[in-house]
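Presented below is the structure to which this report refers.
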Amino acid sequence: MFRRTYGQRATKHGNPAARLLLDTMERKKSNLAVSVDVIKSKDFLAIVDAVGPFVCLIKTHIDIIEDFGPPLIDELQALSSKHDFVIFEDRKFADIGNTVALQYSSGVHKIASWSHITNAHPVPGPSIITGLSSVGLPLGRGLLLLAEMSTKGSLATGSYTKDAVRMARAHRDFVIGFIAQRRMDGIGAYENDFTEDEDFLVLTPGVGLDTKGDSMGQQYRTPREIVFGSGCDVIIVGRGVYGKDYHLTEKIAEQAKRYREEGWAAYLERTIA
Ligand code: BMP
């Protein structure tokens, strides 16, 4: 999987959300996802519109938007069509199957109705996948499991990470990959390397070109370290792109372009190496 192109992987994948993402990456020549963690709808939409041309995916934390209303989702979907990107709500579900099914389908945000991809902590065990897939699978959605985290002192290591991989392998129709810091197959890291038809995407946060972290435990690596060095597929960048100047859309677009170029060069280096 390491050397296969995103386009080659798209043709083989069984899940529609994974195919959409891989196709989008190939079409736009981008493995950049921007995480738009701002609290006003207006700022959120301005950033999405500015980075849209350069990304394969927009990651949201919809519950931090102070003035949220259903029209925001319509506008996000319109921008997704305009700029051709996939939507990933970073909800990090972590409850029993019945509860996560309700949280995913209902409430104010109705995540399943608009987000192609969402994610979950494996901590409750396989029943969290059963609950979420009862809602998401009929809609053609995909799920990522948080197998590792980018933060200092993360507990998601060792056997926890291995068990996350085992859970994913048992639910390949719906689990399309991981939030993790390295690819989860090969190099003898696990008892069994993945078979030809097991293709898990690895989406990786904790990406920064100019700093090594923040004051709250976040740790950054460069796109090259992540995509070439660790074999991950998508770089997720938040503050590295919009920083403190999120009213300056030109500057934001410039940064998005910069991260996209770095991420794509690392991917080319990996596929032709
Ligand atoms: P930033 O690049 O500004 O540090 O933002 C990173 C984003 O990725 C945040 O939205 C955070 O919730 C998310 N994230 C992370 O940083 N580390 C993880 O292990 C998992 C995440 O979802």
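In the chain, Cα pairs under 8 Å separated by at least six residues give a relative contact order of 20 percent.
At 222 nm, what value in deg cm²/dmol follows for the chain if DSSP H runs of at least 4 each add -39500 (n - 2.57) and the sum is divided by all its residues, to the nearest 500?
Details: 9 runs with 104 residues, N = 273.
It lands at -11500 deg cm²/dmol.
Under 22 Å of direct C-alpha separation, and excluding same-chain neighbours fewer than eight residues apart, Lys28 reaches these lysines: Lys12, Lys59, Lys82, Lys251, Lys257.
Which value, in nm² and rounded to one decimal, describes the direction-averaged projected area of the C-alpha convex hull of segment 126-173?
On the way: hull surface 14.7 nm².
For segment 126-173, the mean projected area of the Cα convex hull comes to 3.7 nm².
What the Cα atoms of segment 1-109 give is an Rg and a Dmax of 15.2, 44 Å.
Note on Ser159 and Gln219: the model spin-label points, each 7 Å out from Cα along the C-beta direction, lie 2.2 nm apart. One quarter of the convex hull surface built on the alpha carbon atoms of segment 79-187 amounts to 7.9 nm², the projected area averaged over directions.
Principal axis extents of the C-alpha atoms in segment 55-112 (largest first, rounded to whole Å): 36, 24, 16. Straight Cα distances below 19 angstrom link Lys42 to the aspartates and glutamates Asp63, Glu66, Asp67, Asp74, Glu75, Glu89, Asp245, Glu250, with same-chain residues fewer than 8 positions distant left out.
By accessible area, using a 1.4 Å probe on protein heavy atoms only, the chain has 54% of its surface on carbon and sulfur. Average 1/r across all pairs of distinct alpha carbons in segment 166-273, invert it, and you get the Kirkwood radius: 15.2 Å. The tail of the calculated P(r) for the chain beyond 30 Å holds 22 percent of all Cα-Cα pairs.
Here the spin labels are modelled as points 7 Å beyond Cα on the Cα-Cβ line, and at Gln8 and Leu139 they lie 3.4 nm apart.
Ignoring aspartates and glutamates fewer than eight residues from Lys152 along the same chain, the ones with Cα atoms less than 18 angstrom from its Cα are Asp214, Glu225. Summarising the amide proton neighbourhood of Val202: residues at separation of 5 or more, or on other chains, whose placed amide H is nearer than 5 Å comprise Phe178, Asp233, Val234.
Nearest 5 is fine: what % of DSSP beta bridges in the chain come out antiparallel, could you say?
That works out to approximately 5 percent antiparallel.
The values are calculated or read from the model by the stated rules, or taken from the named source; none is laboratory data. These figures come from a predicted structure and were not determined experimentally. For neighbour counting, all protein chains shown are included, and Cβ atoms are generated from backbone atoms with ideal geometry for every residue, glycine included. Accessible surface is based on the protein model in full, side chains and every heavy atom, while ligands, DNA and RNA are left aside. Shrake-Rupley method; radii C 1.70, N 1.55, O 1.52, S 1.80 Å.
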